[in-house]
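**Q** Let me give you the structure first, and then I'll get to my questions.
The values are calculated or read from the model by the stated rules, or taken from the named source; none is laboratory data. Predicted, not measured: the structure shown is a model, and the values here were computed from it. Quick reminder, even Gly has a Cβ in these numbers, built from the backbone with ideal geometry, and neighbours come from all protein chains shown. Note: areas computed on protein heavy atoms with side chains; ligands, DNA, RNA excluded. Shrake-Rupley method; radii C 1.70, N 1.55, O 1.52, S 1.80 Å.
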Amino acid sequence: MRKDVLIIGQGICGTFLGWWLEQKGLSYIVIDEQRPHTASRAAAGLINPVTGRRIVKTWMIDDLLSFAGEAYGDLGAALQVDCLTQTRVVDFFPTAQMRLAFLQRYEEDPQYLQLPSDEQHYRELFHYDLGYGIITPCYLADLPRLLPAFRKRLLQQNTLIEAAFDHQSLIVEAQGITYKDITADRIIFCDGIQSADSPYFSRIPFAPNKGEALIIDIPDLPLSATVFKKGMTLAPWKDGLYWVGSSYEWSFTDAGPTEIFKQKTEALLKDWLKVPFRIIDHVASIRPATLERRPFVGFHPIYPAIGILNGMGTKGCSLAPYFAHQLVEHIVHGGAIRPDADVRRFTKILSR
Ligand SMILES: Cc1cc2nc3c(=O)[nH]c(=O)nc-3n(C[C@H](O)[C@H](O)[C@H](O)COP(=O)(O)OP(=O)(O)OC[C@H]3O[C@@H](n4cnc5c(N)ncnc54)[C@H](O)[C@@H]3O)c2cc1C
């Protein structure tokens with residue numbers, strides 16, 4: 001079988017890469033083994049324009065927000081899935097310092113920030129003593145619907161192999177690759193944290209970070225397009241349920257859920273919610289984060305047939321559509337990849 005591109009992995013990166021290749025008329029096939037704990041399946045899907053304790057704008061956010069709107073809109077229309085919802089984050093201040101930080105930031109740059117007209121509005125649903133601020137607009141990507149819908153389409157088009165990729169079977173040449181019965185001009189790794197162990201990309205500075213979340217039912221919390229935050233994030237999830245998380249762990253033994261996270265989060269919810277809740281599920285995964293908090297996009301300096309779209313860290317929902325598009329423009333038209341995202345910034349390390 002002959003293809004333009006072989007994609008490894010169908011998380012949010014592999015999905016958008018396939019979509020943009022298709023838009024440009026390039027042929028591709030995806031290999032994905034649907035691992036149990038993948039980042040895209042654990043994610044809340046939130047695209048938040050501000051970040052951190054100082055509530056600063058996230059990297060490239062003005063461009064990413066407008067790009068995400070169109071990208072999810074077009075892909076969703078093709079799949080007949082409404083996969084992006086505009087939302088706002090109601091940010092209950094967990095400490096007096098956080099309240100001060102929000103108010104200061106609002107004074108300096110109110111883009112994406114609002115103050116509530118009625119601070120009492122959520123008193124019947126939540127405990128909060130220090131008031132709240134509003135972050136808007138934000139977006140929620142519906143990955144639990146988007147990823148299976150794209151997978152179904154791949155299966156219908158006979159462009160998905162549900163299997164584990166085996167590096168031993170890959171033959172790399174200057175002009176392309178061969179993998180079992182597939183020949184392709186390029187192979188692009190979208191395999192999430194697995195690339196940190198890859199024979200080609202293990203030297204670039206991945207910084208694996210584990211996150212967990214509980215899926216809960218809160219029958220008395222009216223489902224609206226609002227995300228709530230108080231240390232933890234509480235976001236609408238599929239089937240009328242809520243996602244609450246997450247942790248950021250640099251030290252861990254495996255990707256699976258832990259009892260300690262469950263107990264901690266349950267206690268936190270009991271302090272925060274005034275209405276009853278029930279735990280339905282518990283998800284966990286390792287984020288493909290990077291030391292410099294910038295993605296890895298582009299082609300290996302020594303093996304130009306081998307590419308990567310990875311390192312999306314905590315921001316895969318906004319970064320993946322944008323950089324998948326940039327990578328496809330690079331393949332088709334030779335367009336530039338942003339230097340601070342281009343994997344060739346590691347040419348020295350990758351050439352050893
Ligand atoms: C708890 C948690 C919450 C998060 N919340 C958000 C959020 O709200 N907003 C946001 O923007 N980001 C969030 N993130 C980050 C986001 O999930 C990631 O940035 C993103 O999902 C990474 O996508 P990916 O496609 O690179 O990797 P993955 O989603 O890990 O996909 C990799 C794919 O490759 C496949 N694969 C791997 N190895 C092989 C192999 N050898 N053979 C075959 N297939 C293979 C896997 O099965 C998988 O399908 C969150 C992450 C976590 C863990």
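**Q** Apply the Karplus parameterisation 6.51 cos²θ - 1.76 cosθ + 1.60, with θ equal to phi minus 60°, to every residue of segment 113-120 and state each ³J(HN,Hα) to the nearest whole Hz, in sequence, with x for glycine and proline.
**A** 10, 9, 9, x, 7, 9, 5, 8
**Q** So, one more: What does the convex hull of the alpha-carbon atoms of the chain project to on average, in nm²?
**A** Taking a quarter of the hull surface, the average projection is 18.0 nm².
**Q** Roll a 1.4 Å probe over the protein chains and send me the accessible area per residue for the chain in Å².
**A** Per-residue value: 46 Å².
**Q** Could you state the angle between the C-alpha long axis of helix 96-108 and the longest principal axis of the C-alpha atoms of the chain, as a value from 0 to 90 degrees rounded to the nearest 10?
**A** 70 degrees
**Q** Could you name the lysines in cross-link range of Lys3, using Cα to Cα under 27 Å and dropping any fewer than eight places away on the same chain?
**A** In chain and number order, the partners are Lys24, Lys152, Lys180.
**Q** According to a simple spin-label model (label point 7 Å from Cα along Cα-to-Cβ), what is the distance in nm between Lys264 and Asp82?
**A** Going by the 7 Å Cα→Cβ label model, 3.6 nm.
**Q** If you don't mind, there's one more thing I want to ask. Compute the Rg/Rh shape ratio of segment 83-205: radius of gyration over Kirkwood radius, all on alpha-carbon atoms.
**A** Rg/Rh: 1.22.
**Q** Can you tell me the Rg and Dmax of segment 108-160, counting just the alpha carbons, in angstroms?
**A** 20.0, 55
**Q** Using the basic label-point model (7 angstrom from Cα toward the beta carbon), what is the Gln111 to Arg145 distance in nanometres?
**A** Placing both labels 7 Å along Cα→Cβ, they lie 3.0 nm apart.
**Q** In square angstrom, rounded to the nearest 10, how much accessible surface does Arg123 have for a 1.4 Å probe?
**A** Approximately 70 Å² for this residue.
**Q** Roughly what angle does helix 12-23 make with the longest principal axis of the chain, taking Cα atoms, 0 to 90 degrees, to the nearest 10?
**A** Helix 12-23 sits at roughly 60 degrees to that axis.
**Q** Tell me, what ³J(HN,Hα) does each residue in segment 265-277 have, in order and in whole Hz, if you take phi through Karplus 6.51 cos²θ - 1.76 cosθ + 1.60 with θ = phi - 60° and put x for Gly and Pro?
**A** Whole-Hz 3J(HN,Hα) from phi for segment 265-277: 6, 4, 5, 4, 5, 5, 6, 9, 7, 9, 10, x, 9.
**Q** In Å and from the alpha-carbon atoms only, list the Rg and Dmax of segment 35-93.
**A** My reading of the Cα-based Rg and Dmax gives 13.9, 40 Å.
**Q** Could you tell me the calculated FRET efficiency between Lys24 and Lys152, based on Cβ-Cβ distance and R0 = 30 angstrom, to the nearest 0.05?
**A** According to the calculation, E is roughly 0.85.
**Q** Please compute the alpha carbon radius of gyration of segment 198-352, then divide it by the globular-protein estimate 2.2 N^0.38 Å. Two decimals is fine.
**A** Here the Cα radius of gyration is 1.30 times the empirical estimate.
**Q** Once Lys and Arg get +1 and Asp and Glu get -1 on their Cβ, which of Val283, Ile306, Ile218 lies farthest toward the positive end of the dipole of segment 191-331?
**A** About the Cα centre, the residue reaching furthest to the positive side is Ile218.
**Q** Largest first, what is the accessible-area ranking of Met312, Met98 with a 1.4 Å probe?
**A** Greatest to least solvent exposure: Met98, Met312.
**Q** Quick one: length gained pulling Asp340 to Gln175 fully straight, 0.36 nm per residue minus the C-alpha distance?
**A** Answer, rounded to one decimal: 56.7 nm.
**Q** Explain nothing, just the number: dipole magnitude of the chain about its Cα centre with +1 on each Lys and Arg Cβ and -1 on each Asp and Glu Cβ, in debye rounded to the nearest 20.
**A** 560 debye
**Q** Of Lys348, Lys238, which has the most accessible area with a 1.4 Å probe, and how do the rest follow in descending order?
**A** Lys348, Lys238
**Q** How long are the three semi-axes of the equivalent ellipsoid of segment 163-281, in whole Å, if each is the root of 5 times an eigenvalue of the C-alpha gyration tensor, listed from largest down?
**A** They are 41, 17, 12 Å, listed largest first.
**Q** Something else now. Give the distance, in whole Å, between the Cα centre of segment 82-131 and the Cα centre of segment 298-352.
**A** Between the Cα centres of segment 82-131 and segment 298-352 lies a distance of 36 Å.
**Q** Can you tell which of Leu46, Leu26, Gly9 lies farthest toward the positive end of the dipole of segment 1-65, using +1 and -1 charges on the Cβ of basic and acidic side chains (Lys, Arg; Asp, Glu)?
**A** Leu46
**Q** Ok, one more. Over the residues of segment 258-342, compute the C-alpha Rg and express it relative to 2.2 N^0.38 Å.
**A** Computed over Cα atoms of segment 258-342, the ratio equals 1.63.
**Q** Moving on. Output ³J(HN,Hα) for segment 70-75: one whole-Hz value per residue in order, computed from phi by the Karplus curve 6.51 cos²θ - 1.76 cosθ + 1.60 with θ = phi - 60°, and x for Gly and Pro.
**A** 6, 5, 5, x, 5, 5
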